[in-house]
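Everything below concerns the one structure shown next.
The values are calculated or read from the model by the stated rules, or taken from the named source; none is laboratory data. Computed from a prediction, not measured in an experiment: that's the story for all the values here. Cβ: placed from backbone, ideal geometry, glycine included. Neighbour counts: every protein chain shown. Side chains included, ligands, DNA and RNA excluded: accessible areas come from the protein's heavy atoms. Shrake-Rupley method; radii C 1.70, N 1.55, O 1.52, S 1.80 Å.
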Amino acid sequence: MVIPSCFSLMVNMRIISKVMILSLSIIMVLSGTTYSIFLESENHIKSATFVSRSFEVGPGKIASKALYDIEFPKGHIGVKSFDAELVDEDGNSVPLYETYLHHWFAIKYNENITMSRYIEQSHDISKGINYTRNDGACRGFMLPHYWGLGGESRGTSSNLPDPFAVEFGNPTNIPHGFKEKWLFDILAIDTRGAYSRKGCTECRCDLLNLPKDFYNVTRDINEQPLSLNYKGGLFCCKDNLQCKLRKGFHGPTRKLSLRYKIRWVDWDEHQVPLKFYILDTTDRVRTNGSSTIHDCQAEYTIPRIGHGDSPHVKKANIPMKKGGYLIYGTSHMHTGVVNATLYGQDGRVLCTSTPKYGTGKEAGNEKGYLVGMSGCYPKPGSVEIKDGEILTLETRYQNKFRTGAMGFFHIHLAEQLPNKDLKV
């Protein structure tokens, strides 16, 4: 059975409806594949850690998976944090130099209750599922997730201060006859024995065993034939492809999972809801009459310019239809990032997210890899984005050739503030 991959899930709802003919195809894993390790209560905050269904990787292999019906807290809740990492069969953290976690995205969908048994038995998700998205404005179904990072996951905070949370499970927001569920979109690249670890993690097309007619049959994000100038990125990192290995290298296959921890509260009148937006530095904003179209591309190539040390800078001017008070912000970038900054229309700095690079061998501190991005926690009410304000997102990478670079900025906005003292 064919279903959406990491790109087809993001690209467009029209593409999702054509899941049976997509070339970017992967294996679907359905319900009953995750389990809870523990559940504890910390004051009013609950927490649970889960492990997803495993998937197999081998040296140089690409694993692009959509894991449906993952375990998620039940009921009407407010999520305070969502953190994830790759682990092996014994629960050990997997270092990035063995298997690079390109990204993981947590995506919400509603499943028709009357179709649940059919979907479980047939593995056919072309019927009975409606995908939903965050509050961001990228067109179609581009960047729909509510949480998601990559190799920097272990060192990037996702905690939201009290009394703020992202609301889910509200029965009034779930269509009658449907049930709210979640899936993981995961791209992991096993680089054991890789001819070029850097090249494999950037999905360089010339390092992967693409079919001979790849450029003839592959469509880009705009449903146009993929350009011969496309040298690397998500389109070349299809599930089960092989990245070039060093001559004579052999290594065992193994099974990996995504271990994830969620902290939440039961929703009540004391919680303040947050809107979640993903801003993309590749957003080619344009207008069509009175409509604003956010033509997000999700990734871009960085050419090396000369021999100087000045970073490569990419900017996007992004109008915010709806504003609010900034409660938390951070960015999702790749190794080589210098920083990412979000500016207000008047040039004021709203948030700058800076990288942390590893210096050792242990998981979470891998030398040379991006292992964390800083976040911003302004005093609630001190940073306000006005309705209609045009924000500028600026991302900076080192001046080195790089494919598949990403520049996302995640912001949580409150449309109202509580009338009581806050704890961070």
Seminar exercise, completed: Expressed to two decimals, the range 155-310 has a Cα Rg over Rh, using the Kirkwood radius, of 1.04
Exercise. Using θ = phi - 60° and the Karplus form 6.51 cos²θ - 1.76 cosθ + 1.60, what ³J(HN,Hα) does each residue of the range 66-74 get, whole Hz, x for Gly and Pro?
Worked result: 10, 9, 7, 6, 6, 6, 8, x, 8
Exercise. Each residue of the range 90-107 in turn: what ³J(HN,Hα) in whole Hz from Karplus with 6.51, -1.76, 1.60 and θ = phi - 60°, glycine and Pro shown as x?
Worked result: 8, x, 7, 5, 9, x, 5, 6, 9, 9, 7, 8, 5, 6, 9, 10, 9, 10
Problem set entry | Rounded to the nearest 20 debye, dipole of the range 97-175 from Cβ charges on Lys, Arg, Asp, Glu | 240
Exercise. GNM, the chain, Cα, under 10 Å: largest mean-square fluctuation among Asn209, Asn365, Asn317?
Worked result: Asn209
Seminar exercise, completed: Once all protein chains are kept in place, His294 shows an accessible area at probe 1.4 Å, nearest 10 Å², of 20
Seminar exercise, completed: quick note, the range 46-414, DSSP beta bridge pairs, % antiparallel (nearest 5) is 95
Exercise. Got a number for carbon plus sulfur as a percent of the chain's accessible area, 1.4 Å probe?
Worked result: 49
Exercise. Too long at a 28 Å Cα-Cα cut-off: which of Lys261/Lys386; Lys46/Lys314; Lys275/Lys314; Lys198/Lys315?
Worked result: Lys261/Lys386; Lys46/Lys314
Exercise. Given H placed 1.01 Å from N in the peptide plane, which residues other than close sequence neighbours of Gly323 have an amide H under 5 Å from its amide H?
Worked result: Asp387, Gly388
For this session: Could you list the square roots of 5 times each eigenvalue of the Cα gyration tensor of the range 46-414, that is, the equivalent ellipsoid semi-axes, sorted largest first and rounded to whole Å?
Result: 30, 27, 22
Seminar exercise, completed: For the chain, whose charge dipole is built from +1 on Lys and Arg Cβ atoms and -1 on Asp and Glu Cβ atoms, the candidate among His332, Cys236, Leu101 with its Cα farthest towards the positive end is Cys236
Seminar exercise, completed: Phi-derived 3J(HN,Hα) across the range 111-125 with the Karplus relation (6.51, -1.76, 1.60, θ = phi - 60°), rounded Hz, x for Gly and Pro, is 10, 5, 4, 5, 9, 4, 5, 4, 4, 5, 7, 9, 6, 9, 9
Seminar exercise, completed: Only helices counted: for the chain, with every DSSP H run of 4 or more residues adding -39500 (n - 2.57) and the sum spread over all residues, [θ] at 222 nm is -1000 deg cm²/dmol
Exercise. Considering the zone a paramagnetic label at Thr49 would reach in this model (a point 7 Å from Cα along the Cα-to-Cβ line), which residues of the range 258-281 have amide N under 12 Å from it?
Worked result: 259-262
Exercise. Taking the Cβ of Cys138 as the center, what net charge do the other residues with Cβ under 14 Å away carry, scoring Lys and Arg +1 and Asp and Glu -1?
Worked result: 0
Seminar exercise, completed: Taking Lys and Arg as +1 and Asp and Glu as -1, residues besides Glu389 with C-beta under 11 Å from its C-beta add up to +1
Problem set entry | GNM top mover of Glu202, Glu389, Glu71 - the chain, alpha-carbon springs below 10 Å | Glu389
Exercise. More than 18 Å apart: what percent of Cα pairs in the range 33-187 qualify?
Worked result: 65
Problem set entry | Unit charges on C-beta of K, R, D, E only; dipole of the chain, Debye | 1180
Problem set entry | For the chain: relative contact order, % (alpha-carbon pairs under 8 angstrom, 6 or more apart) | 21
Problem set entry | For the chain, built as a Gaussian network whose Cα springs stay under 10 Å, the top-fluctuating residue of Asp135, Asp283, Asp387 | Asp387
Exercise. Can you tell me the accessible area per residue over the range 46-414, all protein chains present, probe 1.4 angstrom, in square angstrom?
Worked result: 41
